[in-house]
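Trainee: I'd like to ask you about the structure that follows.
The values are calculated or read from the model by the stated rules, or taken from the named source; none is laboratory data. Predicted, not measured: the structure shown is a model, and the values here were computed from it. Cβ sites come from the backbone with ideal geometry, for glycine too, and all protein chains shown count toward neighbours. SASA here: full protein model, heavy atoms, side chains in, ligands and nucleic acids out. Shrake-Rupley method; radii C 1.70, N 1.55, O 1.52, S 1.80 Å.
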Amino acid sequence: MTRCAWVPEGDPLYVAYHDEEWGVPSRNERHLFEMLVLEGAQAGLSWSTILHKRDGYRRAFAGFDTEKIARFGPKDVERLMGDAGIVRNRLKIESAVASAKAVLEVGDLADLVWSFVEGEPRVNAWRTTAEIPAETDESKAMSKELKRRGFRFVGPTVCYAFMQACGLVNDHTTDCFRFPLVRESARQRA
């Protein structure tokens, strides 16, 4: 079975993430927020590091319940700074709290993020991973709007990785077994 070239075959967690989640369109508010936080946490690190700490993030960040996270204060930040189950970076921890508050202000995160692709997944047809951009005009616009609304750690590259992860764009390469499945799923919704 052929997968996107970036998937390390020896890591079952990574393979399952690629095969079952990455690129699947999501409009679930909690999942979208989780991925936004995780993609921001990845900045400067490998996705493998974040993926292997994902359960730690879910536990530490109240299952990504934005109402609970928005109430986190300085004591919670200090508690999280001592939690080896997550990346212990104060700016990234504080950004998750700020972003949770921003989600509550936005009201509907799914409507906001999906507006950057006019509500429908963009299906790309990349032959190799080298063709896939790190950012796009849409991810730049998303980044600018999210920052304006108080989100943090949401630069254009983070936003594009988020768009890929949550299926706003289908960036599975054309030789990947997932490409036609995601493309057909997008076609059925149109």
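Trainee: Only one of PHE153, PHE162 is under 25 Å from ALA60 (Cα atoms), part of a loop (DSSP other than H, G, I, E, B) and under 16 Å from the mean Cα position of the chain (by Cα); which?
Mentor: Details: PHE162 fails: part of a loop (DSSP other than H, G, I, E, B).
Just a single option satisfies the conditions, and that option is PHE153.
Trainee: Follow-up. Looking at TYR57, is it modelled with pLDDT of 95 or more, under 21 Å from ALA134 (Cβ atoms) and aromatic (Phe, Trp, Tyr)? Steps first, please.
Mentor: Numbers: modelled with pLDDT of 95 or more: yes; under 21 Å from ALA134 (Cβ atoms): no; aromatic (Phe, Trp, Tyr): yes.
Answer is no for this residue.
Trainee: Tally up the residues in segment 80-100 that are in contact with a helix residue (DSSP H, G or I) (Cβ under 8 Å, 6 or more places away or on another chain) and either of a type in the set (S, T, N, Q) or not in a loop (DSSP other than H, G, I, E, B) (or both), please. Step through it out loud before you land on a result.
Mentor: Narrowing segment 80-100 to residues in contact with a helix residue (DSSP H, G or I) (Cβ under 8 Å, 6 or more places away or on another chain): 80-81, 83-90, 92-97, 99-100.
Adding the requirement that they be either of a type in the set (S, T, N, Q) or not in a loop (DSSP other than H, G, I, E, B) (or both) leaves 80-81, 89-90, 92-97, 99-100.
Within segment 80-100, residues that are in contact with a helix residue (DSSP H, G or I) (Cβ under 8 Å, 6 or more places away or on another chain) and either of a type in the set (S, T, N, Q) or not in a loop (DSSP other than H, G, I, E, B) (or both) number 12.
Trainee: Determine if segment 53-61 includes at least one residue that is under 18 Å from MET35 (Cα atoms), open to solvent by less than 30 Å² (accessible area, probe 1.4 Å), free of Cβ contacts under 8 Å to residues at least 24 places away in the same chain and out of contact with any Cys (no Cβ under 6 Å at 6 or more places or on another chain).
Mentor: First pass over segment 53-61, keeping only residues under 18 Å from MET35 (Cα atoms): 53-61.
Within this subset, residues satisfying the condition of being open to solvent by less than 30 Å² (accessible area, probe 1.4 Å) are 54, 56-57, 60-61.
With the extra rule that they be free of Cβ contacts under 8 Å to residues at least 24 places away in the same chain, the set shrinks to 54.
When the remaining residues are screened for being out of contact with any Cys (no Cβ under 6 Å at 6 or more places or on another chain), the result is 54.
So far as segment 53-61 goes, yes, one or more of its residues are under 18 Å from MET35 (Cα atoms), open to solvent by less than 30 Å² (accessible area, probe 1.4 Å), free of Cβ contacts under 8 Å to residues at least 24 places away in the same chain and out of contact with any Cys (no Cβ under 6 Å at 6 or more places or on another chain).
Trainee: Next up: Looking only at segment 16-48, which residues are farther than 20 Å from VAL87 by Cα and hydrophobic (A, V, I, L, M, F, W, C)?
Mentor: ALA16, TRP22, VAL24
Trainee: Find the residue count for segment 89-129, including only residues that are open to solvent by less than 40 Å² (accessible area, probe 1.4 Å), in contact with a strand residue (DSSP E or B) (Cβ under 9 Å, 6 or more places away or on another chain) and free of Cβ contacts under 8 Å to residues at least 60 places away in the same chain.
Mentor: 2
Trainee: If MET81 satisfies all but one of (1) within 15 Å of the chain's Cα centre (by Cα); (2) over 30 Å from ASP111 (Cα atoms), what's the number of the condition it fails?
Mentor: Every listed condition holds for MET81 apart from (1).
Trainee: OK, next. Which of the residues belonging to segment 20-63 are assigned to a loop (DSSP other than H, G, I, E, B) and either in contact with a Lys or Arg (Cβ under 6 Å, 6 or more places away or on another chain) or aliphatic (A, V, I, L, M) (or both)? Please lay out each step first, then the result.
Mentor: Taking segment 20-63 as the starting set, the residues that turn out to be assigned to a loop (DSSP other than H, G, I, E, B) are 21-28, 43-46, 53, 61.
Once the filter is applied, which keeps residues that are assigned to a loop (DSSP other than H, G, I, E, B) and either in contact with a Lys or Arg (Cβ under 6 Å, 6 or more places away or on another chain) or aliphatic (A, V, I, L, M) (or both), segment 20-63 yields VAL24, ALA43, LEU45.
Trainee: While we're here: Return yes when GLU145 is assigned to a helix (DSSP H, G or I), of a type in the set (Asp, Glu), open to solvent by 20 Å² or more (accessible area, probe 1.4 Å) and more than 24 Å from GLU21 (Cα to Cα) and no when it is not. Step through it out loud before you land on a result.
Mentor: Details: assigned to a helix (DSSP H, G or I): yes; of a type in the set (Asp, Glu): yes; open to solvent by 20 Å² or more (accessible area, probe 1.4 Å): yes; more than 24 Å from GLU21 (Cα to Cα): yes.
The answer is yes for GLU145.
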